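The values are calculated or read from the model by the stated rules, or taken from the named source; none is laboratory data. A quick note: this is a predicted structure, and the numbers were derived from the prediction, not measured. Positions of Cβ are backbone-derived with ideal geometry, glycine not excepted, and every protein chain shown enters the neighbour counts. Surface areas here come from the heavy atoms of the whole protein model, side chains and all, with no ligands, DNA or RNA. Shrake-Rupley method; radii C 1.70, N 1.55, O 1.52, S 1.80 Å.
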Amino acid sequence: MAEVSLSSSGTELTLQGIRKEFPGFVAVDNLDLTIRAGEFFALLGPSGCGKTTTLRMIAGLEDPSAGKILLGGVDITDTKAYKRPVNTVFQSYALFPHLTIFENVAFGLRRRKVSNAKELALAALDLVQLAHVADRRPAQLSGGQQQRVALARAIVNRPALLLLDEPLGALDLKLRREMQVELKKIQADVGLTFLHVTHDQEEAMTMADTVAVMNNGHIEQMGAPESMYDLPETAFVADFLGQSNVFRGMASSANASTIEVAIPGGTTLRVPVARASAHSGDVSVGVRPEKMSIHAGAVAPQTDTNVISGGRVTDVSFTGVSSQYSIDFGPLGNVVVFEQNLKALPTVDLGDVVSVSWKVERGFGLRDHRAAVIDEASEL
Amino acid sequence: MKGSIFGRALLPIYTILALLFLLIPIVYTFIFSFNDAFKTNIQWQGFTWHNWTNVCDAQGVCEAFGNSIIVGVVATLAATALGTALAIALVRYKFRGRNIVSLLIFLPMATPEVVLGAGLAAQFFSLGTPKGMLTVIIAHTLFCLSFVVVTVKARVASLDASIEEAGRDLYASPGQVFWRITFPLLIPGIAAAALLSFALSFDDFIITYFNSGSMQTFPTFIYISAVRGVPPEANVIASAVFVLAIVGVTISQVVSSVRRRRLAASR
Ligand SMILES: Nc1ncnc2c1ncn2[C@@H]1O[C@H](COP(=O)(O)OP(=O)(O)OP(=O)(O)O)[C@@H](O)[C@H]1O
Ligand SMILES: [Mg+2]
């Protein structure tokens, strides 16, 4: 333990083919992942997709069924949890109920015999704005306060890698934003590597350098937040990060730059080859609601614009800067369009027959149609 | 409404009667500890402090009391240590035969004491162990063990495993996790188990009688001397133990209520 010291910078983490089986159930399946040193990495995914299990294997609290975990190039797969320079902010806080808040925060420092444990622990409590409750027990704090203690207790150790399992889930919006800024600052100042699990896609997108979307024990896609949003590869990611409209179809023809996709109703949509994750067979065309325009009546198709006609407006909600339209396209399903109210106020009304259009280079091609989970839900 | 008035009157009366019923033998014992008894301590002969100031005058009473304390303390320590370890193992580790052990642990509690006492005596006899302090301590440890395991097991099962995981995550070795986290959190259960063990051991007559040989504990002393009449010194010891127990309970109640108030104030 003595060899573990306060880190002055983060360390690179690599997962190679990590798998975790529980009796009769695969929680994490063949996960490959590299998090660069000093990176803020966000892991997003629906409940039960294996996020906590992944963190527990990295922390050493769960043995992987297969695969390797490398920290700074060193294989730590078989290293005991207490010898790993990794700390966790637990989803359930897991504070020590018999110790004061101060003793909780100083616990890790004391175990490593850090000489100025007291000052460091008090500074960490200051950071999470809880210095005034240092002498209390965890049971005397609110949920949000406990969560911040859990954060301080992990961060104070300046680990080479910090694992955060929904560390801000119990905080109100204002405190959440404050702690996000604070976390980002600590991460940048010390250059620690953060692996941050969250349900909140906005939190992931604003804070992280890299976002990974996890589903059913595997990573669907990862990349910079902007590129993930701009160019999702699967319907699951397109739906999980923001909203999107997806049209299922078959690639009918393709040239060097554009794929043509035939969708039900005789319409053909175009998508750039460079923006499609599948180029033949089943290809779905997706587009973000804010990238679409809405027109009264029919509109003639153009080569650089996709047009779908014959929809009926089923819902209009005016939100000030923009309006949100729900349009029923029969067999194509429901399409959502956001339009900014730049000039005139809403141009179409409930029940109107309309067309929607978008620039071909704004759409994206997906290799699947709808994520299984969502499919099941919608069929119910 | 009528019924409730009836009930309102009945309940206090019932409670008072029940308390009286429970308290009479204790009060009797206490009063007769001041009896200036000559041969038997059955008739009131007059008040004296003598029994309290010269407790050890009666033949063997202090020795028997001392034996009871030694047996109680040693058996409690042994049963608490062994039982705590066993309770943790039974909850935390999956080993072959775990369910059978869990079941067998109940056996000494379920077996009639006469059977347990006689069975143990037969064992000691066939092993050639002379009856005495050691055999009594072994016998007491054995039956206290069951109670310790059952008490501590409940506490271990209610421990949140993630708290210990947090300890491991925060650089505590397995030993440190046990002594700094698990053990402090188990203390209420362990203390309750130890108190129970001591009370059971101090109180035990049947098993002790089978295995003590010529050694006497306080209960066997009283039983034997009851033939001639229990000396008033025995009443003194019994009363003193009772008073000590009451004082102990009162102190712990006061301390915990003060602590609760202080916690509430610091909020
Ligand atoms: N000890 C275990 N035994 C069996 N199954 C488990 C165990 N721990 C987790 N699982 C299962 O593994 C799956 C993944 O669980 P995990 O806790 O990693 O989900 P998560 O992504 O963190 O979800 P959430 O967002 O709700 O916290 C779940 O289906 C869960 O039921
Ligand atoms: Mg989780």
Out of all the residues in the stretch B:215-240, which are surrounded by fewer than 15 Cβ atoms within 10 Å (Cβ to Cβ) and modelled with pLDDT of 85 or more? B:I224
Looking at A:I58, A:I69, which is the one that is assigned to a helix (DSSP H, G or I) and either open to solvent by 20 Å² or more (accessible area, probe 1.4 Å) or among the hydrophobic types (A, V, I, L, M, F, W, C) (or both)? A:I58
Quick one: is A:D63 within 17 Å of A:R19 (Cβ to Cβ) and more than 16 Å from ligand 1 (Cβ to nearest atom)? no
Residue identified as facing another protein chain (nearest Cβ under 9 Å) and touching a residue at least 40 places away in the same chain (Cβ under 8 Å) among A:F96, A:F40: A:F96
Any hit, the stretch B:6-14, residues being out of contact with any Phe, Trp or Tyr (no Cβ under 9 Å at 6 or more places or on another chain), assigned to a loop (DSSP other than H, G, I, E, B) and of a type in the set (D, E, K, R): no
Kindly check whether there is at least one residue in the stretch A:83-90 that is aromatic (F, W, Y), closer than 20 Å to A:T193 by Cβ and in a loop (DSSP other than H, G, I, E, B). yes
Based on this model, can you work out whether B:F21 counts as touching a Phe, Trp or Tyr at 6+ places or on another chain (Cβ under 9 Å), open to solvent by 30 Å² or more (accessible area, probe 1.4 Å) and modelled with pLDDT of 90 or more? no
Complete set of residues in the stretch A:17-58 that are more than 8 Å from ligand 1 (Cβ to nearest atom) and among the hydroxyl-bearing types (S, T, Y): A:T34
Going through the stretch A:294-344 one residue at a time, which ones are farther than 24 Å from A:R248 by Cα and open to solvent by 60 Å² or more (accessible area, probe 1.4 Å)? A:A296, A:F318, A:T319, A:V321, A:Q340, A:L342, A:K343, A:A344
Condition broken by A:G10, with the remaining ones in (1) in a loop (DSSP other than H, G, I, E, B); (2) within 16 Å of ligand 2 (Cβ to nearest atom) satisfied: (2)
Output the residue which, of all residues in the stretch B:166-205 that are facing another protein chain (nearest Cβ under 10 Å) and in contact with an Asp or Glu (Cβ under 8 Å, 6 or more places away or on another chain), is farthest from B:A64 (Cα to Cα). B:V177
Enumeration of residues in the stretch B:106-145 that are under 22 Å from B:F202 (Cβ atoms) and outside any helix (DSSP H, G or I): B:T111, B:P112, B:K131, B:G132
Test B:S201 against the stated conditions and say whether it is touching a residue at least 12 places away in the same chain (Cβ under 8 Å) and surrounded by 14 or more Cβ atoms within 10 Å (Cβ to Cβ). yes
Counting only strands (runs of 3 or more DSSP E) entirely within the stretch A:212-290, those with at least 3 residues that are open to solvent by less than 50 Å² (accessible area, probe 1.4 Å), assigned by TED's automatic domain parsing to the domain that holds A:P301 and out of contact with any Asp or Glu (no Cβ under 7 Å at 6 or more places or on another chain) are A:245-254, A:258-263, A:267-272, A:282-287
I need the full set of residues from the stretch A:151-175 which are open to solvent by less than 10 Å² (accessible area, probe 1.4 Å) and within 16 Å of ligand 1 (Cβ to nearest atom), in order please. A:L163, A:L164, A:D165, A:P167, A:L168
Say whether the condition of being within 16 Å of ligand 1 (Cβ to nearest atom) and in contact (Cβ under 8 Å) with a residue 24 or more places away in the chain is met by at least one residue in the stretch A:176-191. no
Which condition does A:D32 not pass, out of (1) open to solvent by 10 Å² or more (accessible area, probe 1.4 Å); (2) among the charged types (D, E, K, R); (3) within 9 Å of another protein chain (Cβ to nearest Cβ), if it passes all the others? (3)
Looking only at the stretch A:196-230, filter to residues that are of a type in the set (S, T, N, Q) and either in contact (Cβ under 8 Å) with a residue 60 or more places away in the chain or closer than 17 Å to A:V28 by Cβ (or both); which one of those is nearest to ligand 2 (Cβ to nearest atom)? A:T198
Given (1) assigned to a loop (DSSP other than H, G, I, E, B); (2) among the charged types (D, E, K, R); (3) within 16 Å of ligand 1 (Cβ to nearest atom), where does A:D78 come up short, assuming only one miss? (3)
Can you tell me which residue is nearest to ligand 2 (Cβ to nearest atom) among those in the stretch A:13-39 that are small (G, A, S) and assigned to a strand (DSSP E or B)? A:A27
